[in-house]
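Below is one structure; the comments refer to it alone.
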Amino acid sequence: MTAVIETLREDHRNIARLLDALEHQIDVFAQAGAPDYDVVGGIAAYFLEYPDKYHHPKEDVVFKRLVHVAAKEASDIGNLLGEHKIVHDRAVRFGDAIRDLLNEADIARSTVVDAAREFIEAERRHMQKEEQHFLPLAEQVLSSADWSQIELELADGGDPLFGERAEERFKNVRERLLAWEQEYRTGEELDQ
């Protein structure tokens, strides 16, 4: 496995963690409870920045190389570049709903819940498609020379939340996410 593929898979694992945490917070909100608004807002901010700035550009470089090397096989995956535009637009709609909620705008609880659930499910479907089709195909058909070329094209941008040093604005989200995951794991162990 190449370093690029491992980075993309690590991003997907981290995104899945955030989606799980968001889903938990939205479930609390849907039941008229008070979610951790800092976590919800931080997750929305993360999805408005990291995928477009760092994650999708990496996938786009790999996909373009894949189209160059194996056009037929790449066409079976679909228009990944176009999907990334759709993912961005969906993140903006989700971010707008969360911004309105956090700014105490007059927004129905069901509107926020529906926007968040739609966002979560669509993100999971998108990542599943990449994990099941795009990344395995890239691993299968791209040569070491292709991967070297890809690595030359990629700028190394660190993850502002999951990187070795979380950016200040994401430190609170990171701490709360880790605490929630620990609490969740402890709860699961007690249930067994």
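The values are calculated or read from the model by the stated rules, or taken from the named source; none is laboratory data. Since the model is a prediction, treat every value here as computed from it, not as a measurement. We place every Cβ from the backbone using ideal geometry, glycine too, and count neighbours over all the protein chains shown. Heavy atoms of the whole protein, side chains included, go into the accessibility calculation; ligands, DNA and RNA do not. Shrake-Rupley method; radii C 1.70, N 1.55, O 1.52, S 1.80 Å.
Hey, what number do you get for the chain at 222 nm if only DSSP H runs of n ≥ 4 count, each worth -39500 (n - 2.57), divided across all residues, to the nearest 500?
On the way: 9 runs with 148 residues, N = 192.
Taking each H run of at least 4 residues, the total per residue is -25500 deg cm²/dmol.
Run the accessible area of the chain with a 1.4 Å probe and give the carbon-and-sulfur part as a rounded percent.
Working: 5060 of 10420 Å².
The C+S portion of the solvent-accessible surface of the chain is 49 percent.
Over the Cα atoms of the chain, how large are the radius of gyration and the largest Cα-Cα distance (Dmax), in Å?
18.0, 55
Answer with one residue from G33, A108, L22: the one whose Cα lies farthest towards the positive end of the charge dipole of the chain, charges on Cβ with Lys, Arg +1 and Asp, Glu -1.
Final value for the positive-end residue is A108.
Order the following by accessible area, largest value first: W147, W180. Probe radius 1.4 Å; ligands, DNA and RNA are ignored.
Heavy-atom accessible area, descending, gives W180, W147.
How much accessible surface does K53 have with a 1.4 Å probe, in Å² rounded to 10?
120
Taking the simple approach of a point 7 Å from Cα along Cα-to-Cβ for both A30 and D96, what is their distance in nm?
2.3
Would you count, across the chain, every pair of lysines whose alpha carbons are under 24 angstrom apart, provided the pair is eight or more residues apart or spans two chains?
Eligible lysine pairs with Cα atoms under 24 Å apart amount to 13.
Place a +1 charge on the Cβ of each Lys and Arg in the chain and a -1 charge on the Cβ of each Asp and Glu, then give the dipole magnitude about the Cα centre in debye, rounded to the nearest 20.
Details: 23 positive and 41 negative charges, 77 e Å.
Dipole of the chain, to the nearest 20 debye: 360 debye.
Could you tell me the relative contact order of region 87-177? Use alpha-carbon pairs under 8 Å, at least six residues apart, and round to a whole percent. Display every interim value, and only then the final one.
Working: 28 pairs, mean separation 14.4, N = 91.
Normalised by residue count, the contact order of region 87-177 is 16 percent.
Of the GluC sites (Glu not before Pro) in region 79-147, which ones lie in a loop per DSSP and count no more than 10 other C-beta atoms within 10 Å? All intermediate terms of the calculation are to be shown ahead of the outcome.
Values: sites: E83, E104, E118, E121, E123, E130, E131, E139; in loops: E104.
When the GluC sites (Glu not before Pro) of region 79-147 are filtered for loop state and at most 10 Cβ neighbours within 10 Å, E104 remain.
Find the relative contact order for the chain and round it to a whole percent, using C-alpha pairs within less than 8 Å whose residues are 6+ positions apart. Walk me through the numbers before you get to the answer.
Values: 131 pairs, mean separation 62.5, N = 192.
Relative contact order comes out at 33 percent.
May I ask you to list, by number, the DSSP H helices of the chain whose Cα span along the axis is at least 15 Å and whose average Kyte-Doolittle hydropathy reaches 0.5 or more?
Numbers: long enough: 3-30 (39 Å, -0.05); 37-50 (19 Å, 0.81); 56-69 (19 Å, -0.28); 80-102 (32 Å, 0.02); 109-129 (30 Å, -1.00); 168-191 (35 Å, -1.52).
Span-like helices in the chain: 37-50.
Express the accessible area of region 44-192 per residue in Å², computed with a 1.4 Å probe while the remaining protein chains stay in the model. Before the final figure, lay out the partial values.
Numbers: 8690 Å² over 149 residues.
It amounts to 58 Å² per residue over region 44-192.
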